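Right, one structure below, let's go through it.
Read-outs throughout are calculated quantities, based only on the coordinates presented, and are distinct from any laboratory measurement. Small disclaimer: the values here were computed from a predicted structure and weren't measured. Neighbour counts run over all protein chains shown; Cβ positions are idealised from the backbone, glycine included.
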Amino acid sequence: MDRTTTEWKFSLNFRAGLLAAVILALLLGLWEGLDRAPVLGGGGAELSEYELLMGGADETARVPPPSDIMVRAWEQLSDPFYDAGPNDKGIGIQLGYSLFRVLTGYFAAALIAIPIGFLIGMSPLAYKALNPFIQVLRPISPLAWMPLALFIIRDAQASAIFVIFICSIWPMLLNTAFGVAGVRQDWVNVARTHELSPMKTAFQVILPAAAPTILTGMRISIGIAWLVIVAAEMLVGGTGIGYYVWNEWNNLDLTSVIFSILLIGVVGMLLDLALGAVARLVAYQE
Amino acid sequence: MSHAFVEVQQAAKRFPGAKGGEGLTVFENVSFSLEKGEFVCIIGHSGCGKSTIMNALAGLDQFSDGAMVMEGREIKGPGLERGVVFQNYSLLPWLTALENVRFGVRARWKAWDETQVTEHSLEYLEMVGLKGVEDRKPAQLSGGMRQRVSIARAFATRPELLLLDEPFGALDALTRGVIQDELVKIWSRDRQTVFMITHDVDEAILLADRIFLMTNGPQARIAEAVEIDLPRPRARAEIVKHPHFYIIRNYLVDFLVNRSGELRTVDLDRLGLHYPRPVNPVTESATESDSADAPSSASPIQKLVKFTPKETHHG
């Protein structure tokens with residue numbers, strides 16, 4: 001028997017979950033405790049005039065404690081789709097806008113990156129010809145495109161989608177090219193000895209062989225796209241989770257800011273999990 | 001000669017050298033023919049170009065010189081009338097065993113419907129003893145099982161010429177024996193023409209009608225074509241008891257150990273267009289001892305290379 005079952009009564013997963021819960025409780029407790037502790041030590045000290053004016057409240061604004069955030073989360077999540085004007089929409093609506101932009105830009109990028117990546121991976125000529133362009137365009141921060149996009153497209157929504165498009169295209173393009181170029185010659189030979197047409201070779205041999213690498217690129221891209229959308233929406237404004245964060249900051253509602261930060265993390269994780277599930281479908285063991 | 005099933009004439013493989021340097025000639029002046037239904041093994045040391053010859057026949061590689069003709073048509077590129085079993089199996093790892101065989105069958109008979117393709121594929125998987133594991137992926141199969149799938153895939157497309165590139169090279173001795181028997185079984189059913197690379201002398205004797213012996217590279221040649229006259233069907237356990245077995249075996253081992261390096265290209269090329277000299281070790285060893293004083297009617301090579309079979313046991 002292996003060590004884990006002989007020495008421990010519970011599975012590794014259970015113990016890891018327990019440890020995570022303990023760490024979470026400790027962190028939240030510490031945060032909550034620090035927030036609730038009086039700023040002035042001793043308690044017996046005289047209150048300043050300002051403090052007296054403020055009813056003995058803190059001199060400085062504080063990060064809201066976790067309990068406040070949980071209350072806010074409950075409020076927001078129990079009615080996520082309300083719409084009370086341009087500056088007061090439910091968190092679900094804001095996330096919906098962001099997801100729509102991310103997925104539109106992302107799939108548009110996939111539609112272009114995967115075929116071009118295929119071409120680059122198959123043809124050394126295409127690789128050498130296109131590589132300089134890729135090397136120059138790839139390091140450009142996606143947000144740097146924003147002014148140009150706004151000028152050319154003249155539409156905030158479409159510009160945000162374009163920014164997502166341009167930031168998700170590179171990992172998919174390079175990974176597809178890398179995956180296609182790295183397909184084992186043996187498998188290509190199998191296609192050749194079976195007289196498969198170039199199209200059939202591409203779809204029946206090269207695509208499944210390169211699929212895991214392509215999916216890795218797609219997974220990196222969705223992560224970057226979700227990072228970039230927040231920044232992009234802060235710039236273009238109007239709707240979306242990025243705009244929501246900035247708007248709540250302007251409202252000095254830090255509770256909502258922290259709540260939305262956590263929500264951005266959760267949605268990003270779900271996007272990654274979804275692509276991870278797809279990656280498992282196309283994975284193979286050599 | 002031009003009526004042979006497969007005809008290779010004056011094939012050569014050369015690699016150009018680096019700037020100013022001398023190029024490398026792996027082999028040249030290689031000519032041979034295969035008859036329909038014949039099982040031919042080719043033996044030679046590493047680097048003599050066996051795999052290049054095989055890949056050229058498969059259409060995956062090209063000779064620097066020479067011509068290949070199969071049934072009156074020049075071999076240009078790969079084709080379904082030639083099936084290949086690779087040493088590393090070359091199964092598609094994302095497909096199950098059955099799907100791998102179906103892959104070949106579907107490519108061969110495009111008009112067949114799905115059930116027909118599946119039935120035909122299953123029949124061949126069953127023939128190599130893989131019934132019940134057809135839904136496993138290659139990673140879930142042992143090396144021997146993978147090579148069986150690969151053999152099933154190649155045979156299932158019923159190619160006219162089968163090319164086996166050291167198919168058992170990566171397998172342990174026990175597994176190898178079992179799959180050799182299966183190969184004999186499946187081959188005796190359809191009697192395809194087989195051209196096989198091997199390093200295993202016993203394997204070659206068990207399977208082949210003729211064994212081509214290659215001299216060492218660079219500038220290798222196919223020197224001789226040894227005829228194996230052991231009766232068929234052959235079984236591994238039985239053929240070792242046949243009186244001719246060790247005569248043949250010793251002849252082959254002697255060639256590999258001593259003569260493959262001694263035979264010089266010039267001697268062979270003196271004959272012009274050089275086909276491998278047909279040799280029957282059994283009759284040859286008999287004449288050698290019977291008529292030592294009789295005037296020799298042997299070919300020029302026999303005069304050049306004095307050969308005595310040794311009665312030593314190898315392995």
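Peptide A:198-205 is shielded by partner chain Cβ atoms: per residue, an average of 1 of them sit within 10 Å of its Cβ. Ranked for footprinting exposure by Cβ neighbours inside 10 Å, fewest first, A:ASP79, B:ASP181 give A:ASP79, B:ASP181. Show which lysines lie in cross-link reach of A:LYS9 when reach means a straight Cα distance below 18 angstrom and same-chain residues fewer than eight apart are skipped. Candidates past the 8-residue exclusion: nothing left. Take the Cα of A:GLU286, step 7 Å toward its Cβ, do the same at B:HIS242, and the gap between the two points is 4.1 nm.
Segment A:LYS9..A:GLU32, full-extension length gain: 4.9 nm, with 0.36 nm per residue of separation and the alpha-carbon distance subtracted.
Taking the Cα atoms of the protein assembly as shown, the ratio Rg/Rh between the radius of gyration and the Kirkwood radius comes to 1.19. Peptide B:94-100 shows a mean partner chain C-beta count of 2 within 10 Å per residue C-beta. From the square roots a ≥ b ≥ c of the eigenvalues of the alpha-carbon gyration tensor of region B:58-180, which class results: rounded (a/c under 1.5), prolate (a/b over b/c), or oblate? Taking the square roots of the gyration eigenvalues as a ≥ b ≥ c, region B:58-180 is oblate. Annotation: the antiparallel percentage among DSSP beta bridges lying fully within the protein assembly as shown is about 50. Among the residues of A:180-192, the average count of other protein chain beta-carbon atoms within 10 Å of the residue beta-carbon is 4.
For B:GLU119 and A:LEU125, FRET efficiency with R0 = 35 Å and r from the beta-carbon atoms, rounded to 0.05? For A:LEU125 and B:GLU119, the calculated efficiency is 0.20.
How high is the FRET efficiency from B:ARG189 to B:GLN10, r the C-beta distance, R0 45 Å, rounded to 0.05? Step by step, r from the Cβ atoms, then E = 0.80. For the cross-link pairs A:LYS200/B:LYS76; B:LYS131/B:LYS185; B:LYS36/B:LYS185; A:LYS200/B:LYS13, the ones whose C-alpha atoms lie over 25 Å apart are A:LYS200/B:LYS13.
Summarised in one figure, the compactness ratio Rg/Rh of region A:124-280, Cα atoms and Kirkwood Rh, is 1.10. An oblate overall shape is assigned to chain A, the ratio a/c of its alpha-carbon gyration tensor axes (a ≥ b ≥ c) being 1.5 or greater and a/b not exceeding b/c.
With helices defined as uninterrupted DSSP H runs, which ones in chain A have an alpha carbon span along their own long axis of at least 27 Å and mean Kyte-Doolittle hydropathy of at least 0.5? The qualifying helices are A:12-36, A:91-122, A:156-181, A:207-236, A:254-282. The slack in the chain from A:ASP88 to A:LEU143, taken as 0.36 nm per residue of separation less the alpha-carbon distance, amounts to 17.2 nm.
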